[in-house]
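The values are calculated or read from the model by the stated rules, or taken from the named source; none is laboratory data. Quick caveat: nothing in here was measured; it's all calculated off a predicted structure. All Cβ positions, glycine included, derive from the backbone under ideal geometry; neighbour counts span all protein chains shown.
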Amino acid sequence: MTRSVPEWVGATDDTRAPPRVRARIFDRDNRCHLCHQPIQVGQKWDLDHVKALINGGENRETNLRPSHRKCHVEKTARDVAEKAKTAAVRQKHIGASAPKQTIKSAGFPKAARPKKTSSKIMPGYRALFAPSDQQKGQ
Ligand SMILES: [Zn+2]
């Protein structure tokens, strides 16, 4: 039985976990928490913040898990995308950003063309819409 040790908490979000804490976390889990495959000796691995710092996670031992470098890069991309989405939604919600597009109307229905017989009804009046040259030829 080992002595219990106090949880490591980073002084700031930029504080890196010291090697003894990295080793402790590695011994605790010993596999990638993202793909659940064991981390082989010599394989590059990182400590991943389960809840990312940019999404409100804390820089402390309980929020850190070992992960393969490859898996970690993919998760970081997802975390950044999540942050960008929530930031965009929030900016829109509080009115900090203007809507990107206006609401389009359905438009007006096309007017029916007047009939050619209008001049016969009222003789002496020229038809308002004279048939075009193209239509005369047919
Ligand atoms: Zn992995």
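Any idea which of ALA17, ALA81 is touching a Phe, Trp or Tyr at 6+ places or on another chain (Cβ under 8 Å), of a type outside the set (Phe, Trp, Tyr) and more than 16 Å from the ligand (Cβ to nearest atom)?
ALA17
Of all residues in the stretch 46-98, which are within 20 Å of PRO19 (Cα to Cα), free of Cβ contacts under 8 Å to residues at least 40 places away in the same chain and β-branched (Val, Ile, Thr)?
VAL50
Kindly provide the set of residues from the stretch 26-50 that are surrounded by 12 or more Cβ atoms within 10 Å (Cβ to Cβ) and within 21 Å of TRP8 (Cα to Cα), ordered by number.
PHE26, ASP29, ARG31, CYS32, HIS33, TRP45, ASP46, LEU47, ASP48, HIS49, VAL50
Given the options ALA77, ALA98, name the one that is of a type in the set (A, V, I, L, M) and modelled with pLDDT of 95 or more.
ALA77
Filtering the stretch 21-42 down to residues that are hydrophobic (A, V, I, L, M, F, W, C) and in contact with a Pro (Cβ under 7 Å, 6 or more places away or on another chain), which residue is nearest to the ligand (Cβ to nearest atom)?
CYS32
If I go through the stretch 17-63 residue by residue, how many of them are under 30 Å from the mean Cα position of the chain (by Cα) and either assigned to a helix (DSSP H, G or I) or among the charged types (D, E, K, R) (or both)?
13
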